[in-house]
Amino acid sequence: MITIFVKIMKTISSAVEDYIKAKPFLISALSQGIINLTSLSRIIKTEIEVSLKKEVKYGAIVMALKRLSSELEFRTTYKIVKIIKDIGDITVRSSLIDYNFKVSDTLLSNQAKLLAKVDNKDDFYTSSRGVNECNIVVSGNLSSLVENTLKDEYCISKQTDLSSISIKLPSENVTIPGVYYFVFQRLSWEGINIYEVISTSNEFTILVNEEQVDKAFRVIKNLKNL
């Protein structure tokens, strides 16, 4: 009888975990311990029963949620916070412009011409390319150079008055899921809108409006004190 009960509980735990994993904000709330498990069990009971094709007691769901909360706290907090505490240099740049160009057959060659003319090491230049669009972010003083060199390209949009915050991450970040989500979640909680994200393996840069850069910097810097 005990063996059968354990088997059923494992099945319930699996169904509850699948449900929670599909809802990122619930994962965060559970890991932070800021959600009432009894109330949540009432909300999800019907869906769990549909998933298992059987009636499930509230107490069994609560027990599954408690176990999952403990596991999530370790997975999403301990490992990620360890990475966050080892954040390296945080670099801030202001007065940036973000150009969004439509990808064309000539865009790459014109970008090469642009790069050849950017000779000041203090100037900011970065580019990211998707399937149909390419974004070029530069220091404000390079705006005329960009617009003249790429005058034959189709500019979809231009955003001024931006600042960037570049964060150096330890190399282990690529093996720990959720690091970026953890950072972006904190920024979102503070009402900070991220205009764009540019990343490499061990570094990422966010673009925000200049009026929010000081607040965004404080949020990121304070993460090291968690």
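Among the listed pairs Lys102/Lys221; Lys57/Lys79; Lys82/Lys168; Lys23/Lys85, those whose Cα-Cα separation exceeds 24 Å are Lys102/Lys221; Lys57/Lys79; Lys23/Lys85.
Compared with the dominant principal axis of the Cα atoms in the chain, helix 179-189 is inclined by about 90°. The structure shown yields P(r) over Cα pairs in 10 Å bins from 0, in percent, and of the options (1) 8, 33, 35, 20, 4, 0; (2) 8, 29, 34, 23, 6, 0; (3) 7, 25, 23, 19, 14, 8, 3, 0 that calculated value carries the label (3). Here the Karplus curve 6.51 cos²θ - 1.76 cosθ + 1.60, taken at θ = phi - 60°, turns the phi angles of region 190-201 into couplings of 8, x, 8, 8, 8, 6, 7, 10, 10, 9, 10, 4 Hz, with x standing for Gly and Pro. Across Val131, Val62, Val213, mean-square fluctuation computed from a Gaussian network of the chain (C-alpha pairs under 10 Å connected) peaks at Val131.
Among residues other than Glu210 with Cβ under 13 Å from its Cβ, the summed charge is -2 (Lys and Arg +1, Asp and Glu -1). Out of Ile48, Thr175, Gln111, whose Cα points farthest toward the positive end of the dipole of the chain (charges: +1 Lys, Arg; -1 Asp, Glu; placed on Cβ)? In the chain, that residue is Ile48. Computed extension length for Ile43-Arg67: 6.8 nm, one decimal, from 0.36 nm per residue of separation with the Cα-Cα distance subtracted.
Report summary: the helix-based calculation at 222 nm, which adds -39500 (n - 2.57) for every DSSP H run with n ≥ 4 and divides by the residues of the chain, gives -14500 deg cm²/dmol. Springs between Cα atoms under 10 Å define the GNM used for the chain, and in it the highest mean-square fluctuation of Ala15, Ala116, Ala60 occurs at Ala116.
Taking Cα atoms only, the orientation of helix 107-117 departs from the longest principal axis of the chain by about 60 degrees.
Report the residues of region 138-168 in range of a label on Ser109: point 7 Å along Cα→C-beta, backbone N strictly under 20 Å from it. From region 138-168, the list is 146-155.
Along region 126-131 the Karplus relation, 6.51 cos²θ - 1.76 cosθ + 1.60 evaluated at θ = phi - 60°, assigns HN-Hα couplings of 8, 9, 9, 10, x, 6 Hz to successive residues, with x for each Gly and Pro.
Where a number appears in this text, it was derived from the coordinates with a stated rule and is not lab data. These figures come from a predicted structure and were not determined experimentally. Ideal geometry is used to build each Cβ from the backbone, glycine not excepted, and the neighbour counts take in all protein chains shown.
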